[in-house]
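*Asks:* Below you'll find the structure I mean.
The values are calculated or read from the model by the stated rules, or taken from the named source; none is laboratory data. What you see is a predicted model, and the numbers here were worked out from it, not measured in a lab. Backbone-built Cβ (ideal geometry, glycine too); neighbour counts: all protein chains shown. In case anyone asks, the SASA skips ligands and DNA or RNA and just uses the protein heavy atoms, side chains included. Shrake-Rupley method; radii C 1.70, N 1.55, O 1.52, S 1.80 Å.
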Amino acid sequence: MRADLHVHSNASDGTDPPAEVMSRAAGAGLDVVALTDHDTVAGHAQARRALPASLILVPGMELSCTLDGNSMHLLAYLFDPDDPELAAQTQRIRDDRVLRAQAMVDRLIDLGVPITWADVAAIAGSAVVGRPHIARAMAASGAIASPDQAFTRDWIADGGRAYVDRYALEPAHAIGLVRAAGGVAVVAHPRANRDLVITDEQIAGLAAAGLAGVEVFHPDQPEGEQASLLALTRDLGLIATGGSDDHGILTGHRIGSHTAAPGAYESLIAQATGSQPIRTG
């Protein structure tokens, strides 16, 4: 089973509608794809309607968390989307994302970037607003040549001149919420950012709190780190997942470039009670 367990649509900060994401996943030869937009399940219904017969959809979400004062993400799978506590927390996160993005735009304006909140809102549309929307507005204004250039300390990277913090969950709390909703939680790309490394000790602590797995295979994690994380999952009895973290045009349409370890998909669904993978027919 070729399973890409981390992809985004324009329900959050990807560029493609969920239906197109499903089509691209099938075209990439995947057997399984997880739609994991940031802090929302808004894209699941369209993805379900457009699901090709050859593809299994895993409903998921990428949850915003903070660990020891640093940003981190958890991938949540197969939870009950109607669970009231999890839904309330993700709504709070989404609301604060808007306030944070508005504050970042204000800082960018003070730094001489010719954008407005209306520019960012037009790009985001009904999606959960995120920094990639701001980056796209910056590129459209001519302040930078391409959206990726926004993610530096000069602009909106963590700790950057226009960076603003936001509400996020403590990961142990988030894991508890996901588990209470019948889902499973996985640490997303713990070694993708050399400045925000999640240590073996921190992962072990989260394992004790009910973490199910670690995203080992990811385009931004060096092969040496992937090998180290794979060994760690074996030591801790965790699932070694993987995914492309595809954001459409922003990441070069790389869906299917990285997939989970053999058996990972089956192990995830064996632990989940909140919802089931979706198949057509």
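*Asks:* Within the accessible area of the stretch 216-271, what % is carbon and sulfur when the probe is 1.4 Å and the other protein chains stay in place? Spell out each step's value before the answer.
*Replies:* Numbers: 1270 of 2460 Å².
Within the stretch 216-271, the accessible surface is 52 percent carbon and sulfur.
*Asks:* In a shell of Cβ-Cβ distance under 14 Å around ASN10, excluding ASN10 itself, what net charge do Lys and Arg (+1) and Asp and Glu (-1) give? Intermediate results must be reported in sequence, preceding the final value.
*Replies:* Details: positive: ARG24, ARG136; negative: ASP13, ASP16, GLU20, ASP37, ASP246.
With Lys, Arg at +1 and Asp, Glu at -1, the net is -3.
*Asks:* Could you work out the per residue convex hull volume over the alpha carbons of the stretch 154-281, in cubic angstrom? Please report the intermediate quantities before stating the final value.
*Replies:* Working: hull volume 19.4 nm³, N = 128.
Considering the Cα atoms of the stretch 154-281, their hull volume per residue is 151 Å³.
*Asks:* Please compute, for the alpha-carbon atoms of the stretch 1-158, the extent along each of the three principal axes and give them in descending order in Å.
*Replies:* Taking the Cα atoms of the stretch 1-158, the three principal extents are 50, 35, 26 Å.
*Asks:* What area, in nm² and to one decimal, does the C-alpha convex hull of the stretch 1-54 cast on average over all directions?
*Replies:* 3.2 nm²
*Asks:* Which of these, VAL186, VAL98, VAL128, has the largest mean-square fluctuation under a Gaussian network model of the chain (Cα springs below 10 Å)?
*Replies:* VAL98
*Asks:* In whole Hz, what ³J(HN,Hα) sequence does the stretch 56-68 give by Karplus (6.51, -1.76, 1.60; θ = phi - 60°), x for Gly and Pro?
*Replies:* Whole-Hz 3J(HN,Hα) from phi for the stretch 56-68: 9, 9, 9, x, x, 6, 9, 8, 7, 9, 9, 10, 6.
*Asks:* Follow-up. Would you calculate, for the chain, the mean residue ellipticity at 222 nm contributed by helices, counting each DSSP H stretch of 4 or more residues as -39,500 (n - 2.57) and dividing by all residues, to the nearest 500? Write down the numbers at each step before the final one.
*Replies:* Values: 9 runs with 103 residues, N = 281.
Only helices count here, giving -11000 deg cm²/dmol.
*Asks:* Further question on the same structure: Find the Rg to Rh ratio for the chain, where Rh is the Kirkwood radius over alpha-carbon pairs and Rg uses the same atoms.
*Replies:* Numbers: Rg = 17.8 Å, Rh = 18.8 Å.
That ratio equals 0.95.
*Asks:* Taking only protein heavy atoms into account and a 1.4 Å probe, give the accessible area per residue of the chain in Å².
*Replies:* Numbers: 11430 Å² over 281 residues.
With the other protein chains kept in place, the chain gives 41 Å² per residue.
*Asks:* In whole angstrom, note down how far apart the Cα centers of the stretch 140-210 and the stretch 16-63 are.
*Replies:* Centre-to-centre distance over Cα atoms comes out at 22 Å.
*Asks:* Quick one: work out Rg over Rh on the C-alpha atoms of the stretch 26-95, Rh as Kirkwood radius. Mind dumping the intermediate values first?
*Replies:* Details: Rg = 13.8 Å, Rh = 13.3 Å.
Here Rg/Rh amounts to 1.04.
*Asks:* Order these peptides, 146-155, 12-21, by their mean beta-carbon neighbour count within 10 angstrom, highest first. Numbers along the way, then the final one.
*Replies:* Numbers: 146-155: 16.0, 12-21: 22.6.
Final packing ranking: 12-21, 146-155.
*Asks:* Got a number for carbon plus sulfur as a percent of the stretch 63-193's accessible area, 1.4 Å probe? Show your work: numbers first, answer last.
*Replies:* Numbers: 2620 of 5440 Å².
For the stretch 63-193, the apolar C and S fraction of the accessible surface comes to 48 percent.
*Asks:* I'd like the orientation of helix 223-236 relative to the chain: the angle between its Cα long axis and the longest Cα principal axis, in ° from 0 to 90, rounded to 10.
*Replies:* With both axes taken from Cα atoms, the answer is about 50 degrees.
*Asks:* Taking only C-alpha pairs under 8 Å that are 6+ residues apart, what is the relative contact order of the chain in percent? Intermediate values should be presented prior to the final figure.
*Replies:* On the way: 606 pairs, mean separation 69.6, N = 281.
In percent, rounded to a whole number, it is 25.
*Asks:* So, one more: Residue by residue through the stretch 150-166, which ³J(HN,Hα) values in whole Hz follow from phi under the Karplus form 6.51 cos²θ - 1.76 cosθ + 1.60 (θ = phi - 60°), with glycine and proline marked x?
*Replies:* With coefficients 6.51, -1.76 and 1.60, one gets 6, 8, 10, 5, 5, 10, 10, 5, 3, x, x, 4, 10, 6, 10, 6, 8 Hz.
*Asks:* I'd like the distance separating the alpha-carbon centroids of the stretch 212-271 and the stretch 68-139, in whole Å.
*Replies:* 25 Å
*Asks:* Amide H of VAL128: which non-local residues (sequence gap of 5 or more, or other chain) have their own amide H closer than 5 Å, using H built in the peptide plane?
*Replies:* It is SER12, by chain and number.
*Asks:* 5 Å is the cut-off here: which amide hydrogens, built 1.01 Å from N in the peptide plane, fall below it relative to ALA34, excluding neighbours closer than 5 in sequence?
*Replies:* Those qualifying (amide H under 5 Å, at least 5 residues apart or on another chain) are ASP4, LEU5, HIS6, VAL7, VAL58.
*Asks:* For the stretch 179-219, count the residues as N, evaluate 2.2 N^0.38 Å, and divide the Cα radius of gyration by that value, please.
*Replies:* Dividing the Cα Rg of the stretch 179-219 by 2.2 N^0.38 Å gives 1.22.
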